[in-house]
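In what follows, a structure is listed as structure tokens, so that the remarks can point back to it.
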Amino acid sequence: MHDTNKDMAEQVIRMSGVNPRKCMKCGKCSGTCPAYDEMEYHPHQFVAMVEKGRIEELMASKSLYKCLSCFACVERCPRNVEPAKLVEAVRLLVIRQQGKNYLKAEDLPALLDEKIPQQALVSAMRKYSK
Amino acid sequence: MNFSYYPGCTLKTKAKELDMYARKSAEALGVTMEELENWQCCGAVYPMAEDEIATKLSAVRALAAAKEKKQDLLTLCSACHHVLKRVNDDMKNNEYIRTRANNYLKLDEAYEGETNVVHYLEMLRDTVGFDNLKKAVVNPLKGRKIGAFYGCLLLRPSGVMAFDNAENPTIIEDFIKAIGATPVVFPCRNECCGGYIAMDDKAAAQKQVERIMDSAVEHGAEELITACPLCMYNLDANATCHKLPVRYFTELLAEALGVK
Ligand code: SF4
Ligand code: SF4
């Protein structure tokens, strides 16, 4: 079990290009994150948990789908760690598995309203589905 | 001045006004927008993972098409601009991505990030110039108190976007001044509207919009402008107590230039 996590942590680091060891644990990323209240694990915790190889816990968390891709954590991190890239890499580990899409094309019609822009549909499919 | 122009999917459908008023205004300002042939949807979200290659290709195709025409690539939608600009940066500076994307595309000449991606607002600032824009205004929007809603995608990450100061931008306020109105600076103008989550978690999106509207109202804004169709939708659909009218910046531009 531990080894799977270690392999996955390496994969997340490779995919994201993030070096979690650069983090100085200041918490600024989480302090500025607009999705903080909705998240079980916050951006600084993603960094720490990837460093410790706790990938399965992250993969099981709804936090993956609460990130707004606003890049506030990326912009405001004094160490240029780019936590949002870890959130995305772990989410990809989940949705790249067979049958693990968070959003399916058949779910879309029920979510539509008159005014919803194409951009919203395209981006939802890109973020939540493979 | 001629630009290659990338409209993107939403500007052909739900955000037609953003596109239409941009074209009319550009014409009035002597700028020619040549829509790229056969452009494909950029995907609306920049794929951050290094090994996401296929999802970056539609952006690379558009960038390479502009290179072929030896033109800068003009964008209007904040999301398209974000995706094209960041993929272009990858093609310039990330060898892993550049090699793989070129292996897929097999262009006559490899694409290596040569194209300049220019947002319409940057074109107004850097090509036309806000002083010249001011002179071209026939119908100054006097007395209107307008808040610029920047959102995330134009500004961050500033190292790549290089659009303006990410924490204290001025470009849209300068634009507002040039068209004769009064800009209202409010703290949440560069915060995220929560648009990406509007379909999945409406309550979370409402919370974001509430904060932004409260901040704008408190500082005296009477209307907001944006360059992003998703911000436009979300600020309108998910405003709860305070609700200011939100318009595309190009609509106000066309109004001021007398071409609306
Ligand atoms: S802001 Fe950067 S350095 Fe600070 S905790 Fe977050 S990732 Fe670590
Ligand atoms: S990109 Fe995601 S994790 Fe980072 S601050 Fe924005 S919502 Fe939070």
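The values are calculated or read from the model by the stated rules, or taken from the named source; none is laboratory data. Computed from a predicted structure; not experimentally measured. A quick note on method: Cβ atoms are made from the backbone with ideal geometry, for glycine too, and the neighbour counts reach across all protein chains shown.
Just a few scattered comments:
- Residue list for region A:30-45, restricted to those being within 13 Å of chain B (Cβ to nearest Cβ) and either buried (at least 21 other Cβ atoms within 10 Å of the Cβ) or in contact (Cβ under 8 Å) with a residue 40 or more places away in the chain (or both): A:32, A:33, A:34, A:35
- Where helices (runs of 4 or more DSSP H) sit wholly within region B:1-120, those with at least 2 residues that are free of Cβ contacts under 8 Å to residues at least 40 places away in the same chain and within 14 Å of another protein chain (Cβ to nearest Cβ) occupy B:57-68, B:78-93.
- Subset of region A:61-70 [in a loop (DSSP other than H, G, I, E, B) and within 11 Å of ligand 2 (Cβ to nearest atom)]: A:66, A:67, A:68, A:69, A:70
- Answer residue from region A:47-67, given it is within 16 Å of ligand 1 (Cβ to nearest atom) and of a type outside the set (D, E, K, R) and is farthest from the other protein chains (Cβ to nearest Cβ) among those: A:48
- Meets criteria (under 14 Å from the mean Cα position of the chain (by Cα), within 14 Å of another protein chain (Cβ to nearest Cβ), away from ligand 2 (no atom under 11 Å from the Cβ) and small (Gly, Ala, Ser)) for residue A:16: yes
- Flag for residue A:38 being charged (D, E, K, R) and within 13 Å of ligand 2 (Cβ to nearest atom): yes
- Of all residues making up region B:239-260, the number that are in a helix (DSSP H, G or I) and polar (S, T, N, Q): 1
- You will find that of A:110, A:120, the residue that is outside the structural domain of residue A:19 (by TED's automatic domain parsing), exposed (fewer than 15 other Cβ atoms within 10 Å of the Cβ) and more than 16 Å from ligand 2 (Cβ to nearest atom) is A:110 and no other.
- When every residue of region B:158-175 is checked against the conditions, none turns out to be of a type outside the set (D, E, K, R), in contact with a strand residue (DSSP E or B) (Cβ under 6 Å, 6 or more places away or on another chain) and either outside any helix (DSSP H, G or I) or at pLDDT below 95 (or both).
- The set of residues in region A:71-120 being part of a helix (DSSP H, G or I) and at the interface with another protein chain (Cβ under 8 Å from one of its Cβ atoms) consists of A:72, A:74, A:75, A:84, A:85, A:88, A:89, A:92, A:111, A:118, A:119, A:120.
- For region A:71-102, a tally of residues being under 22 Å from residue B:78 (Cβ atoms) and either surrounded by fewer than 20 Cβ atoms within 10 Å (Cβ to Cβ) or not assigned by TED's automatic domain parsing to the domain that holds residue A:23 (or both) returns 1.
- Among residues of region B:198-238, those that are touching a residue at least 12 places away in the same chain (Cβ under 8 Å) and either assigned by TED's automatic domain parsing to the domain that holds residue B:20 or not in a helix (DSSP H, G or I) (or both), counted: 12
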